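What follows is a short report on a single structure.
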Amino acid sequence: MTVVERPHLPALDGATGWLNSEPLGAAGLRGHVVLVNFWTLTCINWLRQEPYVRAWSTAYRNDGLVVIGVH
(Lines give C-alpha, C1' and ligand atoms only; values in the text may rest on other atoms or scores of the structure.)
Protein backbone atom coordinates (compact mmCIF):
# COMPACT_ATOMS: atom_id res chain seq x y z
CA MET A 1 0.00 0.00 0.00
CA THR A 2 1.33 3.41 -0.90
CA VAL A 3 0.73 6.65 0.96
CA VAL A 4 -1.99 7.58 -1.53
CA GLU A 5 -3.98 4.34 -1.12
CA ARG A 6 -6.37 4.01 1.79
CA PRO A 7 -8.29 0.95 2.87
CA HIS A 8 -12.04 1.31 2.43
CA LEU A 9 -14.62 0.31 4.99
CA PRO A 10 -16.83 -2.43 3.57
CA ALA A 11 -20.58 -1.94 3.66
CA LEU A 12 -22.20 -2.70 6.99
CA ASP A 13 -25.48 -3.69 5.30
CA GLY A 14 -25.42 -7.21 6.75
CA ALA A 15 -25.78 -6.04 10.34
CA THR A 16 -29.12 -7.29 11.62
CA GLY A 17 -29.34 -5.10 14.71
CA TRP A 18 -27.68 -2.08 16.26
CA LEU A 19 -27.37 -1.26 19.95
CA ASN A 20 -26.37 2.11 21.42
CA SER A 21 -26.47 3.91 18.06
CA GLU A 22 -28.38 4.28 14.86
CA PRO A 23 -27.14 2.09 11.98
CA LEU A 24 -23.76 3.34 10.75
CA GLY A 25 -22.46 3.45 7.22
CA ALA A 26 -19.26 4.31 5.40
CA ALA A 27 -20.47 7.79 4.43
CA GLY A 28 -21.25 8.72 8.04
CA LEU A 29 -17.89 7.43 9.23
CA ARG A 30 -15.80 9.26 6.63
CA GLY A 31 -12.98 11.19 8.29
CA HIS A 32 -12.98 9.01 11.41
CA VAL A 33 -10.64 6.25 12.53
CA VAL A 34 -12.82 3.14 12.83
CA LEU A 35 -11.95 0.17 15.03
CA VAL A 36 -14.14 -2.85 14.28
CA ASN A 37 -13.86 -5.18 17.25
CA PHE A 38 -15.16 -8.76 16.86
CA TRP A 39 -15.87 -10.32 20.24
CA THR A 40 -17.60 -13.06 22.21
CA LEU A 41 -18.61 -12.35 25.80
CA THR A 42 -16.84 -15.27 27.50
CA CYS A 43 -13.80 -15.55 25.22
CA ILE A 44 -10.54 -15.11 27.16
CA ASN A 45 -9.08 -13.07 24.30
CA TRP A 46 -11.96 -10.60 24.56
CA LEU A 47 -11.74 -10.46 28.33
CA ARG A 48 -8.05 -9.52 28.11
CA GLN A 49 -8.39 -6.81 25.45
CA GLU A 50 -11.73 -5.28 26.49
CA PRO A 51 -10.32 -2.82 29.09
CA TYR A 52 -7.88 -1.46 26.52
CA VAL A 53 -10.53 -0.95 23.84
CA ARG A 54 -12.80 0.82 26.35
CA ALA A 55 -9.93 3.07 27.44
CA TRP A 56 -9.05 3.92 23.83
CA SER A 57 -12.69 4.68 23.08
CA THR A 58 -12.93 7.03 26.04
CA ALA A 59 -9.57 8.69 25.46
CA TYR A 60 -9.85 9.22 21.69
CA ARG A 61 -13.61 9.62 21.08
CA ASN A 62 -13.28 13.39 20.74
CA ASP A 63 -10.38 12.96 18.31
CA GLY A 64 -12.48 10.93 15.86
CA LEU A 65 -12.13 7.31 17.01
CA VAL A 66 -15.26 5.22 16.48
CA VAL A 67 -15.35 1.71 17.97
CA ILE A 68 -17.82 -0.73 16.44
CA GLY A 69 -18.23 -3.90 18.46
CA VAL A 70 -19.44 -6.92 16.52
CA HIS A 71 -20.89 -9.72 18.63
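Over the chain, the pair-distance histogram of Cα-Cα distances with 10 Å bins from zero comes to 16, 45, 34, 5 percent, rounded to whole numbers. Between the amide H of Val67 and those of Leu35, distances stay under 5 Å, these residues lying 5 or more places away or on another chain, with hydrogens modeled in the peptide plane. Protein heavy-atom surface of the chain, 1.4 angstrom probe: 58% of the accessible area is carbon and sulfur, with nucleic acids and ligands not counted. A 1.4 Å probe run over the chain, with the rest of the protein chains in place, finds 87 Å² accessible per residue.
The values are calculated or read from the model by the stated rules, or taken from the named source; none is laboratory data. Fair warning: this is a prediction, and the values are worked out from it, not measured in the lab. For accessibility, only protein heavy atoms count, side chains too; no ligands or nucleic acids. Shrake-Rupley method; radii C 1.70, N 1.55, O 1.52, S 1.80 Å.
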